[in-house]
Amino acid sequence: MNNFEFQTLKKIPGIGAEMYDMMIKLYPICRSITGDGVRKTLDIISEQIPLEKYEIPTDTEVFDWTIPKEWNIKNAYVKKSNGEKIIDFQKSNLHVLNYSVPIHKTVSLSELKEHLFTLPDQPTLIPYRTSYYHENWGFCITHNQFLQLEEDDYEVVIDSTLENGSLSYGEYFINGESDDEVLLSCYTCHPSMCNDNLSGVVLLTFLAEHLKNMSLKYSYRFLFIPETIGAIAWICRNEHNIKKIKHGLVATCVGDPGILSYKKSRKDNAEIDQTVIDVLKNSGNDYKVVDYEPIGSDERQFCSPGFNLPVGSLQRTMAPAFPEYHTSADNTDFVQPKYLADTFLKYLQVFSKLEGNFGKFNLKNNKDLKNKKETKKGQFFLNLKPKCEPRLSSIGLYRKVGGGTDITKNERIRTIIIFWILNYSDGKHSLQDISKKSGIHFDQIKPVAEILVEHNLLKEIKNK
Ligand SMILES: [Zn+2]
């Protein structure tokens, strides 16, 4: 047993309960991609690890994106004409469409309904919905409550602000012997939901605390950022150092009862991929490994073709495969201390293996090279904005309300096809390869590629 493993084992008893307690403290806070909820969250993390905090002003350009206005909320409710409060933000912050603009007016039932979001298939749960880049207001309620609403004059109040401000994120760096870095990333933008993603926040906080006094070969960088826009902003500001990242993991959905699942990096066979898979194989428990796909969390940005970093994601049940996903059921009952502790241990085993292999790792077989040979035929395109994802909503190619999987089927399929085409149009994969990799029929992919060409996101290149 090396020093690293010994220290790992000493820490384990009780760690799940400590992580769970921190999650309970973070749970009531109304977070979003900007605002005081994120700052409060970073403050709580700072009680345990000395976080560096950053603020990026509204309107700052980060690749194809712009930092949005800052959103804050004090209160929100809907009252019937008899004064009865039927929807109350104080009872659950999921009741408000995240990023709702301020409003105070009286509306009819039909107008109210245009601003209500429900889950007809899960009628007892409140959905989580967002509207970051399209100004709107709304409430999320159970479908059962929706069905009981009667004709009335409803007073709607959303006491929020959407103003120039900044986007906040936190970073913690542990300096190892080498400049080579292991990147650990989680997001801090979801309101009251536990598995997605407070479990990731507490996992990284406790891992950082555990590693901070150890002597390490690698340097370790922990990111606490809002999803998508935060990852894009962080990469944009740190592009000059990005090559130092040798291995990375995105931590999300790490506290539910499901088995461990690993989503490989886009490189498919990087050292981090082989290391995590080895740890899972030797764990004696069931596990699942899935290939990289450009759908999911911030690995989409780290693995965009302009960077193609060796960043995978070690989770338990992968979102959105659990029915509690993005609903009020992703609560403090769903995540449990023993599962948090088990994931914590697996992450430490991954680090232990990476440390042990430092400077002596050889790829067992390089599938990247094989892929290059396979792709000689077909139509090739080049992603003209390969650094992170381009902002599809600004050209009308993205849904207006986020958070749900209940957008129209065609809209959803098109978004997925766009992500596949953009992520793999690197000059090495033809449209036919992308069709094969994604399992999406070529006839569905081709017209979407043409739309992307029209929007100057893609250009056809000659087959070399
Ligand atoms: Zn989510």
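Each reported figure results from applying straightforward, stated rules to the coordinates on display, with no laboratory input. Just so we're clear, the structure is a prediction, and the values are computed from it rather than from any experiment.
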Could you work out how much longer the chain between L382 and K360 gets when fully extended? Use 0.36 nm per residue separation minus the Cα distance between them, nm to one decimal.
4.4 nm
Once phi is turned into ³J(HN,Hα) by the Karplus curve 6.51 cos²θ - 1.76 cosθ + 1.60 with θ = phi - 60°, what whole-Hz value does each residue of the stretch 170-181 show in order, with x for glycine and proline?
x, 9, 9, 10, 10, 7, x, 5, 9, 6, 4, 10
So what is the diffusion coefficient of the stretch 190-288 in µm² per second by Stokes-Einstein at 25 °C and 0.890 mPa s, using a Kirkwood Rh over Cα pairs?
158 µm²/s
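Using 26 Å as the Cα-Cα cut-off, could you pick out the over-long pairs in K353/K436; K243/K436; K263/K353; K267/K288?
Working: K353/K436 34 Å; K243/K436 30 Å; K263/K353 18 Å; K267/K288 18 Å.
Flagged as over cut-off: K353/K436; K243/K436.
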Aspartates and glutamates whose Cα lies under 18 Å from that of K377, excluding same-chain neighbours fewer than 8 positions away:
D368, D426, D433, D443, E460
Starting from 0 in steps of 5 Å, tell me what percent of the Cα-Cα pairs of the stretch 239-369 lands in each bin.
2, 10, 20, 22, 20, 14, 8, 4, 1, 0
Output the antiparallel fraction of DSSP beta bridges having both residues in the chain, as a percent to the nearest 5.
65 percent
Contact order normalised by length for the stretch 173-281, with contacts defined as Cα pairs under 8 Å and 6 or more residues apart; what percent is it?
39 percent
What share of all Cα pairs of the chain, in percent, falls into each consecutive 20 Å distance bin?
24, 56, 20, 1
Would you mind checking which residues have amide H under 5 Å from G402's amide H? H placed 1.01 Å from N; only 5 or more apart, or other chain.
T130, S131, Y132
Given only helices, namely DSSP H runs of n ≥ 4 each adding -39500 (n - 2.57), what is the per-residue ellipticity at 222 nm of the chain, to the nearest 500 deg cm²/dmol?
-9500 deg cm²/dmol
q = 0.14, 0.20, 0.35 Å⁻¹, the stretch 208-247: log10 I(q)/I(0) [Debye, one scatterer per Cα]
-0.41, -0.75, -1.17
State the Kirkwood hydrodynamic radius of the stretch 418-464 in Å, one decimal place, computed from all pairs of distinct Cα atoms.
10.7 Å
Pairs of Cα atoms under 8 Å, at least six residues apart: use those to get the relative contact order of the chain, whole percent.
17 percent
Where a ≥ b ≥ c are the square roots of the eigenvalues of the C-alpha gyration tensor, would you call the stretch 93-150 rounded, which needs a/c under 1.5, or, failing that, prolate if a/b is larger than b/c, or oblate?
oblate
